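The values are calculated or read from the model by the stated rules, or taken from the named source; none is laboratory data. Everything quoted here is computed from the prediction, not taken from an experiment. Methodologically, a virtual Cβ is constructed for each residue, glycine included, from the backbone with ideal geometry; neighbour enumeration extends over all protein chains shown. The accessibility values were calculated without ligands, DNA or RNA, using every heavy atom of the protein model including side chains. Shrake-Rupley method; radii C 1.70, N 1.55, O 1.52, S 1.80 Å.
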Amino acid sequence: MIIILFGPPGAGKGTQAERLVERYNLKQLSTGDMLREAINRGSELGKRAKSIMDRGELVSDEIILSMISEKLIDTEGSGFIFDGFPRNLQQAKALDEILNKLELKLDIVIEIIVKDEVLISRIENRVRESKNARSDDNAEVLKNRLNVYHQSTEMIKPYYLEKGKLVKIDGMRGIEEVSRDIEGHLSKIRKKLDP
Ligand code: AMP
């Protein structure tokens, strides 16, 4: 199974991806996590990415695509779940090419819908409770990340809609309910893959 979890920053993609990893033995490919690991290792790539991430802008497609290609070679497990990737149309098209070459097929793109106001109030709560360990996790950077999301990332929706891959889920509910909806969609796909 190859899944893309799609949605604005703070929508809960990471939390839902972690649950799916356990439930279906999938490998989570989070480009944000890969970049944070590179920063923690103190690598050259991490140093280049950090200031861009702290501003809430997008890291170059070249860096992102080379990280993703490396990880896709190892096909152990039952599939992949992309979280935070692709983030623009070029990345979406490049992902199709990479998957084609590897003779893999994208099954579904799950959009977790959360309104901007809700995301902003969630982040303000986290800041108030001092739960924000990330340097890009504050209301000001979030507003920039939301602008980038609406200007670039959302452009991939028509691309996947046309391919019949996009499903939408209301992310403004509890974690369990969102999980249940996602699993409902995935069980339909699993039946198709293995009737
Ligand atoms: P995330 O944890 O997915 O919210 O990502 C944190 C930050 O990493 C983003 O605000 C971007 O600066 C960068 N980033 C993560 N994934 C990508 C991507 N696919 N393309 C470009 N930049 C990315």
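Listed by first and then second residue, the pairs with beta-carbon distance under 8 Å, at least 6 apart or on different chains, first residue in region 156-180 and under 11 Å from residue 113 (Cβ atoms), second charged (D, E, K, R) and open to solvent by 80 Å² or more (accessible area, probe 1.4 Å), are 172/115. Taken over region 126-140, the criterion of being part of a helix (DSSP H, G or I) and open to solvent by 70 Å² or more (accessible area, probe 1.4 Å) is satisfied by 126, 128, 140.
Residues in region 68-95 that are more than 15 Å from the ligand (Cβ to nearest atom) and free of Cβ contacts under 8 Å to residues at least 60 places away in the same chain were compared, and the one that is most open to solvent (accessible area, probe 1.4 Å) is 76. Which of the residues spanning region 141-178 are surrounded by fewer than 14 Cβ atoms within 10 Å (Cβ to Cβ) and in contact with a Pro (Cβ under 7 Å, 6 or more places away or on another chain)? Residues satisfying the conditions do not exist here. For region 141-195, the set of residues classified as under 20 Å from residue 79 (Cα atoms) and in a strand (DSSP E or B) consists of 166, 167, listed by residue number. Among what's in region 38-67 and is of a type in the set (Ser, Thr, Tyr) and in a helix (DSSP H, G or I), pick the residue that is nearest to the ligand (Cβ to nearest atom). Per the stated criteria, the residue is 51.
Of everything in region 97-119 that's acidic (Asp, Glu) and loosely packed, with under 15 Cβ neighbours inside 10 Å, which residue is nearest to the ligand (Cβ to nearest atom)?
Of region 97-119, the ones acidic (Asp, Glu) are 97, 103, 107, 111, 116-117.
Then keep just the ones that are loosely packed, with under 15 Cβ neighbours inside 10 Å; that gives 97, 103, 117.
Working: 97: 16, 103: 23, 117: 19 Å.
Once the filter is applied, the top-ranked residue is 97.
Among residues of region 5-33 that are farther than 21 Å from residue 170 by Cα, those with a beta-carbon under 8 Å from a residue that is among the hydroxyl-bearing types (Ser, Thr, Tyr) at least six positions away or on a different chain give the pairs 24/78; 25/78; 26/78.
Filtering region 1-42 to residues that are farther than 21 Å from residue 131 by Cα, loosely packed, with under 15 Cβ neighbours inside 10 Å and either among the acidic types (Asp, Glu) or at pLDDT below 95 (or both) leaves 22, 23, 25.
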